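In what follows, a single structure is set out as structure tokens and then discussed.
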Amino acid sequence: MTDLNSFLSPGMLVTHPDHPEWGTGQVQSNIGGRLTVNFREQGKVVLDGTRVELTPVFDG
């Protein structure tokens, strides 16, 4: 499996393509394809980077 989010690092802002209602999230960690992201409306979520491709947010 390919890690679709290997370039994401702590502090980067992202959105989840399947859950726009979660709002913008901040990457907390990215270890071995497991991402921990703290979303504004959902809280802390652990995701499998081989199953979902998060969308980077560059404008804050």
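The values are calculated or read from the model by the stated rules, or taken from the named source; none is laboratory data. Everything numeric in this text was worked out from a predicted model, so none of it was measured. Backbone-built Cβ (ideal geometry, glycine too); neighbour counts: all protein chains shown.
For region 38-49, does any single residue satisfy the condition of being modelled with pLDDT under 95, part of a loop (DSSP other than H, G, I, E, B) and under 9 Å from the mean Cα position of the chain (by Cα)? Checking region 38-49: at least one residue is modelled with pLDDT under 95, part of a loop (DSSP other than H, G, I, E, B) and under 9 Å from the mean Cα position of the chain (by Cα). Selection of region 14-29 for residues being part of a strand (DSSP E or B) and either under 8 Å from the mean Cα position of the chain (by Cα) or at pLDDT below 95 (or both) yields Val14, Thr15, Gly25, Gln26, Val27.
Checking every residue in region 3-17 against the condition of being touching a residue at least 40 places away in the same chain (Cβ under 8 Å) and charged (D, E, K, R) gives at least one match. Of the residues making up region 14-42, those that are loosely packed, with under 13 Cβ neighbours inside 10 Å and of a type in the set (A, V, I, L, M) number 1. Within the set Gly11, Gly32, the sole residue that is at pLDDT below 95 and out of contact with any helix residue (DSSP H, G or I) (no Cβ under 7 Å at 6 or more places or on another chain) turns out to be Gly32. In region 31-55, the residues that are over 11 Å from His16 (Cα atoms) reach residues that are hydrophobic (A, V, I, L, M, F, W, C) and surrounded by fewer than 14 Cβ atoms within 10 Å (Cβ to Cβ) with C-beta atoms within less than 8 angstrom, at least six apart or across chains, in these pairs: Gly33/Met1; Arg34/Val46; Leu35/Val46; Thr36/Val46; Thr50/Met1.
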